[in-house]
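Report on the structure given below.
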Amino acid sequence: MPPLQLTSLLQNTLPHLSHKGRAVLSALGCVNGRAPGSAELAAWLGFHDRYQFARAMRREGLPPLETLGGWARMLYWMLEAETSGISLRELADRERIDPAVAYRLVRRITGQRWSEVRRAGLAVTVLRFRDRCGNGQAALAGLRAVALAAGDRVRHSTSTTRVGPPVRNVARIAPAAVPGHRVIQTVSERVPVGGSPGDVTLTASGDALVTRAHAAALDVLKLNPLRVSHTIRVSPVPTRIVTNGRYPWAYVTSQFGEAVCVVDLERRQQIGLIHVPGHSMGAVMAPDGSRLYVTTNQDRLVAVSPLQRIALSSGPIPLGIPQVTVHPSGRWVFASNWRAGTVVEVDGRTLETTRRFEVGGIAQDVIVSADGQYLYVANESGWLDVIHLPSGRRAARVNFGTAAFGLALSADQAYVFVGLLDAGRVIVLQRQGLIERASIRTGGRPRLIAVHPNGDLVLVANEHGWVDLLR
C-alpha cells in the first residue's frame, strides 16, 4: 500500500496529472523513490511494455523514470530529515547504500549539495520538483503547509472494548475428526499465476477470480482441472475482489487507480470505475448487495452504491488496511487496523465506530462465523484471536509462532483455515476446541483464502506466483 506521507506530497504537488500519472507517483511513493526497472514498473501499472509506459510519461509532462525516481527519493529523504532530524549519512546507512551514492544523487538531481538543499527547505525543493515536471501553474503559497501536513495521520478517539487476556492458549494436538466432516489435507493442484497474486474468490458460475497486483490484471480460473482461462485488464494494483451473486459483475479495488473497478464477467472486461477518496484497498459486500464497503489509505471506510456506482458516505477508521468483513446481519462492518493492533466495529448504516477490540500485534484478515457469534482475527505477530461478539471478550487465542495472515471458514463452519505467511503453510483448525487437524505445506507466501460453497476444496493465492487448490 502506498505510504500516505510521500505519496500525498507527490500528488499534491502535481494535481494536474491524470489517473495514470497519479498511479506512477503512487508506485514511486510505495517504494520511497527506489524505482524498479521501467519494464517491471510498466507491468505493475498495466502498460503493455516499457515503450508505452515511456510515451505515457512524456504525455504527462514527467521526466524519465530515472530522474522522477531520483526526485521522489530525495523528497523522501527531505521528509525524513525535517521530521526526525536524521542526517543523509544516517539515512543511507539505514537503507544500506553508500553515503557517497546518496550525496551524488542529490547533486545530480538538483545541481546542489545536500547541505544547500536542506537550508533551502522542503517547500523550495517541492517547487523545483513541480517546475521540473512541467506544472508551472501552482502557486508558492501554502506549499510548506502542504508538505508538512502531508504526513499527519488523523487519530480518532472511539469507545474501546478490551478483549482481555486469552481464555486459553489452545493445545495443538490431533484428535479424531469431527463426525460427518471431511478434513482438507493436501495440495491437490497448482496453477502458475504471475504478478504477485493476492486475493482469490469464487463466482456464482463456479469459476475463481485472482488479483495480480503487479500486473494490473485479474485472472479467471477454471477448477476442473485448475487452469487460467482468461485474463482481464484492470486498473493498477488490484487488491481485493468482491462479487454480487445477483449480477455477473465483480468489484475490484485498485490502489493506484484510486477507485473500485467494475468488471463484467460475461464480457470479460472492465466496464467502469467508482472513484473513492484515497487509494482503495479492502472491500466487502453487504449481505443484501445494497452496499459495498471499501477501506482506503486515507483511513476511511467508504460506503459505495454498487448499482449507482457512486460513493455515498465515509467514516474514519484508524490505520485502515485491505482486511475487512461484514456481520451476517449486515448491521456491522469489522475492519483491521494494522499496526494499531485493533479491530473496529462500524455501524453499517451510519459508518460510526461502535466498538474497538484491542488484540495487539499486527491485525490482518478478519472473518465472522455464520451465526454471527464469533469474530476471528489473524495476527501477523503470530497468533489467531477468537472474539465472542455479544460480550466483546476474547474467547480463545491460538499461538503459531509465525505470521498468520489469511483466514477462511469451511462451508459447514466446522473448520478454520489459517494461512501462515512466512512459514509457507495453511493450518486447518477444528472450530470446536480450536485443535489443529492438518498442516498443509504450500511453500511461498500464502495470502488470502477462498472456500468452495460445497466444501470440498479450498483455493489459496500465493504471493510467489501461483494458486493452490487444496482438497
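All of the numbers you see were taken from the coordinates with simple rules; none came from a lab. As the structure is a computational prediction, the values presented were derived from the model and not from experiment. Ideal geometry is used to build each Cβ from the backbone, glycine not excepted, and the neighbour counts take in all protein chains shown.
How would you order 420-426, 117-123, 446-452 from highest to lowest mean count of nearby Cβ atoms within 10 Å?
Working: 420-426: 19.0, 117-123: 16.9, 446-452: 23.0.
Ranking, from highest mean packing down: 446-452, 420-426, 117-123.
Of the peptides 12-19, 62-69, how do they stack up when ordered by the mean number of other Cβ atoms within 10 Å, highest first?
Details: 12-19: 16.2, 62-69: 18.2.
Packing proxy ranking, top to bottom: 62-69, 12-19.
Mind ordering 392-403, 212-223 by average Cβ neighbours within 10 Å, highest first? Kindly include the intermediate steps, with their values, before the conclusion.
Numbers: 392-403: 17.9, 212-223: 21.2.
Order by mean packing, descending: 212-223, 392-403.
Could I have the simple spin-label model distance between R441 and R268, label points 7 Å from Cα toward Cβ, reported in nm to one decimal?
So the label points at R441 and R268 sit 3.7 nm apart.
Under the classification rounded if a/c is under 1.5, otherwise prolate if a/b is larger than b/c and oblate if not, where does segment 179-332 fall, given a ≥ b ≥ c as square roots of the Cα gyration tensor eigenvalues? Show your work: numbers first, answer last.
Values: a/c = 1.65, a/b = 1.35, b/c = 1.22.
Prolate, since a/c reaches 1.5 and a/b exceeds b/c.
By its C-alpha gyration tensor, with a ≥ b ≥ c as the square roots of the eigenvalues, how is segment 4-149 shaped: rounded for a/c under 1.5, else prolate for a/b larger than b/c, else oblate?
Details: a/c = 1.84, a/b = 1.27, b/c = 1.44.
Verdict is oblate for segment 4-149.
Report the extension gain between L312 and Y103 in nm, rounded to one decimal, defined as 0.36 nm multiplied by the number of residues separating them, less their alpha carbon distance.
Working: separation 209, 0.36 × 209 = 75.24 nm, distance 4.78 nm.
Length difference between fully extended and current span is 70.5 nm.
Just how far, in whole angstrom, is segment 287-313 from segment 399-450 if you go by their alpha carbon centroids?
So the separation of the two Cα centres works out to 29 Å.
In nanometres, what is the gap between the two model label sites at N454 and A39, each 7 Å from Cα along Cα-to-Cβ?
My value for the distance between the label points is 4.3 nm.
Based on the alpha-carbon gyration tensor of segment 256-314 and its eigenvalue square roots a ≥ b ≥ c, which shape applies: rounded if a/c is under 1.5, prolate if not and a/b is larger than b/c, or oblate?
On the way: a/c = 2.01, a/b = 1.30, b/c = 1.55.
Oblate is the answer for segment 256-314, as a/c is 1.5 or above yet b/c matches or exceeds a/b.
Summing -39500 (n - 2.57) over the DSSP H runs of n ≥ 4 in the chain and dividing by its residue number, what mean residue ellipticity at 222 nm do you reach, to the nearest 500 deg cm²/dmol?
Numbers: 10 runs with 104 residues, N = 471.
When only DSSP H runs of four or more count, the value is -6500 deg cm²/dmol.
For D49 and R119, calculate 0.36 nm times their separation in residues minus their Cα-Cα distance, and state this gained length in nm to one decimal.
Numbers: separation 70, 0.36 × 70 = 25.20 nm, distance 4.05 nm.
So the chain would gain 21.1 nm between D49 and R119.
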